[in-house]
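Below: one structure, written as structure tokens.
The values are calculated or read from the model by the stated rules, or taken from the named source; none is laboratory data. All values reported here derive from a predicted model rather than from experimental measurement. Cβ: placed from backbone, ideal geometry, glycine included. Neighbour counts: every protein chain shown.
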Amino acid sequence: MKRKQGLVGDTIFHLLPILAGCLVVAGLVHIATIFLLPRLATKDAFARLSAIAPAHQVVLLPDGAGGPFDDPALAQGMCRFDLAQGPLRLRATLTPDALMLFSFHGRHGQIFYSMTDRSATRGKLDMLLLTREQLNVVEANDAEDELPQDLRIIAPTLEGFVLFRSLAENPGEMAQAQARIAALSCGLDRDQRP
Amino acid sequence: MLHAFKLIVVALIGLGLGLGATYHAVERGQDRGLGVGLIFGAVKAGPWTGWPKTGTRESDPYARALFARNGETPIGLTEGLSFLARADSHARPFDSACDYTVKGAIPAARFWTLSALSPQGRTLPAISERHGFTSSEILRDFDGGFEIKVSASARPGDWLEVAQGQPFVLMLRLYDTALSANPYSVTAGVMPAIAREGCR
């Protein structure tokens, strides 16, 4: 014994769970793909930089090899790392008043540490990039009565890269900015036994 | 039977909508002129928008997906701050047929740069071979103020060239700035204004 409006009501009543179902599935698919994309991407910064740079050495990025939205006033270099082969040692003697930027990127592009030349003590930087387990080993070997002289940074992923960017204060100084990056040292740490 | 059919329809429509939403956020998000994609953690100050969290461990999943697709490497928050403008101070979208001046206040920073890029973040073709200015090279007036002219045709003074007939965005970067400690405190008053001067 259905009334007229009951029929319309019934149709909506039957469609409602279907619409709700569609939205729930859409939401799940959307969230899953957004979270999966960084893991599936083949054109991300790590893939692009791996193609042009061997690991554990400073490589200057040629013009146009950087990503989108790079500052054209910055010279860029990188050091790709694979901590499975051991901790990474980074040393720099910095030019006073010349801007140098350091950013540490994990395998999927996320920045886990960044600093500028301002953080240097007496114009020098000494950094050790390692995993939590490697840090335990290093700390076990530390002399007990003195503070470590290097800055120790724990990486969230085994692979990743360090980006060095140096400002050319005017376009004519790009070569000097590149030379400042080329003068950095980056490599597997010789003091640490893997 | 009908039940199974309903489930398949729901799954297919849901899949389509979900993938569509991801495509919209990630692919269209590559065009920074559209204002989609980077939606979380934005700080707005006049015509400028910054996404300080993209340079930290706390970058949001949308930003990560976006950067995984276009290979962008943002600067870390402790290195500095980036701001993007895609419209003038009156919220009129940039047009390369118009002239603009960028002047006024600038937050305290050891260095800053202003550059013009395509909405996809690529350098624009420029006869002047200049894609940006650094704080060290600009002309200053008696009060230390600056005035950068953004135009497709040559202008006296500090001329930042954009390409005729091509869309562009402006990027302002502040390096080694105290603002990094509190990026969400930035207001229009401390940032340069972008005035539209005239159109051809």
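What to note about this one:
- Filter pass, residue B:61 being under 15 Å from the mean Cα position of the chain (by Cα), free of Cβ contacts under 8 Å to residues at least 24 places away in the same chain, closer than 26 Å to residue A:31 by Cα and within 11 Å of chain A (Cβ to nearest Cβ): no
- Within region B:18-35, the set of residues being buried (at least 17 other Cβ atoms within 10 Å of the Cβ) and either facing another protein chain (nearest Cβ under 10 Å) or aliphatic (A, V, I, L, M) (or both) comprises B:18, B:21, B:22, B:25, B:26, B:30, B:32.
- Test: residue in region B:56-63 that is under 22 Å from residue B:168 (Cβ atoms) and polar (S, T, N, Q): no
- Tally of residues being outside any helix (DSSP H, G or I) and over 29 Å from residue A:86 (Cα atoms) across region A:3-61: 1
- Test: residue in region B:135-152 that is surrounded by fewer than 18 Cβ atoms within 10 Å (Cβ to Cβ), in contact with a Leu (Cβ under 7 Å, 6 or more places away or on another chain) and at pLDDT below 95: no
- Some residue of region A:152-168 being more than 23 Å from residue A:103 (Cβ to Cβ) and more than 19 Å from the chain's Cα centre (by Cα): no
- Given (1) within 9 Å of chain B (Cβ to nearest Cβ); (2) assigned to a helix (DSSP H, G or I); (3) more than 23 Å from residue B:9 (Cα to Cα), number of the condition residue A:64 does not satisfy: (2)
- Number of the exception - residue B:89 against (1) in contact with a helix residue (DSSP H, G or I) (Cβ under 6 Å, 6 or more places away or on another chain); (2) at pLDDT 90 or above: (1)
- Checked against the criterion of being of a type in the set (D, E, K, R) and within 14 Å of chain A (Cβ to nearest Cβ), the candidates B:130, B:140 yield just one match: B:130.
Here is a yes/no grid of residues against (1) in contact with a helix residue (DSSP H, G or I) (Cβ under 8 Å, 6 or more places away or on another chain); (2) facing chain B (nearest Cβ under 9 Å); (3) buried (at least 21 other Cβ atoms within 10 Å of the Cβ):
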{"position": "A:88", "(1), (2), (3)": "no, no, yes"}
{"position": "A:91", "(1), (2), (3)": "no, no, no"}
{"position": "A:100", "(1), (2), (3)": "yes, no, yes"}
{"position": "A:116", "(1), (2), (3)": "no, yes, yes"}
{"position": "A:142", "(1), (2), (3)": "no, no, no"}
{"position": "A:147", "(1), (2), (3)": "no, no, no"}
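- Residue B:198 vs. criteria touching a strand residue (DSSP E or B) at 6+ places or on another chain (Cβ under 7 Å), at pLDDT below 95, surrounded by fewer than 20 Cβ atoms within 10 Å (Cβ to Cβ) and farther than 23 Å from residue B:144 by Cα: yes
- For residue B:89: the one exception among (1) of a type in the set (Gly, Ala, Ser); (2) free of Cβ contacts under 8 Å to residues at least 60 places away in the same chain; (3) not in a helix (DSSP H, G or I): (2)
- Against the conditions (1) hydrophobic (A, V, I, L, M, F, W, C); (2) crowded, with 21+ Cβ neighbours inside 10 Å; (3) within 9 Å of another protein chain (Cβ to nearest Cβ), residue B:85 satisfies every one except (3).
- Unique residue being within 22 Å of the chain's Cα centre (by Cα) and within 14 Å of chain B (Cβ to nearest Cβ) when the list is A:55, A:47, A:26, A:20: A:47
- Each residue in region B:168-191 was checked for being outside any loop (DSSP other than H, G, I, E, B) and closer than 12 Å to residue B:108 by Cα, and 9 pass.
- Across region B:39-58, the qualifying residues are those that are in a loop (DSSP other than H, G, I, E, B) and over 13 Å from the mean Cα position of the chain (by Cα), and the one among them that is nearest to residue B:26 (Cα to Cα) is B:40.
- Only a single item in (1) of a type outside the set (Lys, Arg); (2) part of a loop (DSSP other than H, G, I, E, B); (3) farther than 21 Å from residue B:175 by Cβ is not met by residue B:74, and it is number (3).
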